[in-house]
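Peer 1: Have a look at this one before I ask anything.
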Amino acid sequence: MTKPRHTMAPMISISKQSIIILSIILIIITVSGNNITIADDFGNINLPDDHLKYYFNSYPKIAEKCRKNPLCPYKEHLDKKSCWGYEDDCDEKYSFLRSQCPGDHKGWVATKQAQIDTFYSQGDFGYIRDQRKEMKLLCEPLYADDSSLECSEHLRFCRGRNIMINFTNLATRSGPIRYAMDVLNAGDIGGYCTLNENELEDNADHISALQSWGPELRNFRELSRRPIIEGDCDIIIEKPTYIMKIDATVNMYHHFCDFFNLYASLHVNQSHPSTFDTDNHILIWESYSYRSAFQDTFEAFTKNPLWDLKTFTGKNVCFKNLVLPLLPRMIFGLYYNTPLIYGCEKSGLFKAFSEHITHRLNIPLHKKNDSKIRVTLLSRDTRYRRILNENELVAALEKKPEYKVQKVVYNRDMPFKKQLEITRNSDIFIGIHGAGLTHMMFLPDWAAIFELYNCEDASCYKDLARLRGVKYFTWEDEEKLFRQDLVSTLNRSNEFKNISNKFSIL
């Protein structure tokens, strides 16, 4: 056998830049070979810059991978002491924005610290902390392939693994489904696990369509075998799935209770680096096809098409990871029905929600090129609660050279993202009592909201402004308000009257 000839390799010169490029290529190959790809660990982290340090502190293994990977773009957010505020080991001085209580609590509590703590529990990350502490295992697995179900008190928030829901009865049901509490019958939802029936029954005490998951989970039963392994499922959903029972989609105030509680539920559920990912599914618990002027907001939570009950009618469906999030009309919930202590403001949870939505929807914050105060007057094109002399008000404001004034109508003719852009770049937001004032959640931190007339519902938007942390004003001199009653024979509520103002600029 002839031995192979050995030839001398030619001498080559490699530039420093080429060596760097070659090193990066080798790193990418090596990292990918270890199943640690940029896309898996870093590319899907789509969070506001100010939230990144909290994310990496929650997941130190991801932080360590970022530290070792020269391609990780988030190194400046590592090694910063920070916590959201609900973690067991969270030091208050490193937590997300702490609420403030400069005002009097009016007898609610005994001390200033108690006032601060109360507000934090009612409307801030303390609410998340309490939901997480309340979590109880209601259906206990024995092995990894078994099912599980755990919930907070009153079944306000729940999550399950390997859960089966039987939608076959919906195929013979007549009429559309919305706000129904009889979608499921006994045994239509269940899992292969040991069910604590007494605990489940005790917590199924808030039976109302949008208050808890009691109407659905009171039908939960133990299954005799593992549904996924034994082939009992017509459809198996691999990705995490959030089931939402939603409020009125035509009303921003009520529909954003849905979005806010979905965001809050991400924090309650936070246990995995994919917590804030959008590669999941959302199933809306009604048979109507979802449509809303605010539907773009779902882009902040999922990149997949929305489902409704029609999607699975007649099918037996198994969910590997199921989340039943906080609901919009819970007793003492957020932000509808929130009992808010006096004298406090600036919820970190509401600020985080505002930043999360504007970041995910790519709503720009424009750099100001002058010192003018940007005033936005929200006009209503509805029949009721209109400002009859709003053109005069705008003209009076425009006489002040330090103001940049615009009158807007937020309706279906203006895309919702454009509405948010206008709101986010307003310093003063003016409007009469109505759902459009919910836009205050997306005002900049320094902004003020002026509710021209609160229609004798004094706390609604005042409390929302306190939670968001923007200054709130409303009309106090009743002698300068003139009501035009259009429906006095039908309804005496001031919510159905138009308003004219005597207005002066000082």
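Peer 1: Tally the residues that are outside any loop (DSSP other than H, G, I, E, B), among the hydrophobic types (A, V, I, L, M, F, W, C) and under 26 Å from the mean Cα position of the chain (by Cα), restricting the search to segment 61-79.
Peer 2: 2
Peer 1: What do you reckon, is Ser208 touching a helix residue (DSSP H, G or I) at 6+ places or on another chain (Cβ under 6 Å), within 30 Å of Ala293 (Cβ to Cβ) and of a type in the set (S, T, N, Q)?
Peer 2: no
Peer 1: Follow-up question, since we're still on this one. Which ones in segment 278-317 are assigned to a loop (DSSP other than H, G, I, E, B), more than 14 Å from the chain's Cα centre (by Cα) and under 14 Å from Tyr242 (Cβ atoms)?
Peer 2: Those that are assigned to a loop (DSSP other than H, G, I, E, B), more than 14 Å from the chain's Cα centre (by Cα) and under 14 Å from Tyr242 (Cβ atoms): Asp279, Asn280, Trp285, Tyr290, Lys303, Asn304, Pro305, Leu306.
Peer 1: Next up: I'm told Ile189 meets every condition in (1) over 20 Å from Met135 (Cβ atoms); (2) under 27 Å from the mean Cα position of the chain (by Cα) except one. Can you identify the failing condition by its number?
Peer 2: Result: Ile189 passes all but (1).
Peer 1: Answer yes or no as to whether Asp205 is surrounded by fewer than 20 Cβ atoms within 10 Å (Cβ to Cβ), under 22 Å from Tyr336 (Cα atoms) and either touching a His at 6+ places or on another chain (Cβ under 8 Å) or not hydroxyl-bearing (Ser, Thr, Tyr) (or both).
Peer 2: The answer is yes for Asp205.
Peer 1: Residues His281, His272, His254: which one is more than 18 Å from Lys417 (Cβ to Cβ) and at pLDDT below 95?
Peer 2: His272
Peer 1: Let me ask something else. In a loop (DSSP other than H, G, I, E, B) and in the same structural domain as Glu456 (by TED's automatic domain parsing) - does that describe any residue in segment 387-398?
Peer 2: Yes, that holds for at least one residue.
Peer 1: One residue is enough: does segment 249-260 have a residue meeting the conditions among the polar types (S, T, N, Q), assigned to a helix (DSSP H, G or I) and more than 13 Å from the chain's Cα centre (by Cα)?
Peer 2: Within segment 249-260, not a single residue is among the polar types (S, T, N, Q), assigned to a helix (DSSP H, G or I) and more than 13 Å from the chain's Cα centre (by Cα).
Peer 1: Quick one: what pairs do we get from segment 318-336, first residue in a strand (DSSP E or B), second among the acidic types (Asp, Glu) and surrounded by fewer than 24 Cβ atoms within 10 Å (Cβ to Cβ), C-beta under 7 Å, 6+ apart or different chains?
Peer 2: Short answer, once both residue conditions are applied: Lys320/Glu238.
Peer 1: What is the one condition in (1) over 30 Å from Lys346 (Cα atoms); (2) touching a residue at least 60 places away in the same chain (Cβ under 8 Å); (3) surrounded by fewer than 19 Cβ atoms within 10 Å (Cβ to Cβ); (4) not small (Gly, Ala, Ser) that Met164 does not satisfy?
Peer 2: Among (1) over 30 Å from Lys346 (Cα atoms); (2) touching a residue at least 60 places away in the same chain (Cβ under 8 Å); (3) surrounded by fewer than 19 Cβ atoms within 10 Å (Cβ to Cβ); (4) not small (Gly, Ala, Ser), Met164 violates only (3).
Peer 1: I'm trying to understand the selection: among the residues of segment 178-202, which are among the small types (Gly, Ala, Ser) and surrounded by 15 or more Cβ atoms within 10 Å (Cβ to Cβ)?
Peer 2: The answer is Ala180, Gly190, Gly191.
The values are calculated or read from the model by the stated rules, or taken from the named source; none is laboratory data. Remember, it's a predicted structure, so these values are computed and weren't measured experimentally. Note that each Cβ is placed from the backbone with ideal geometry, even for glycine, and that neighbours are counted across all protein chains shown.
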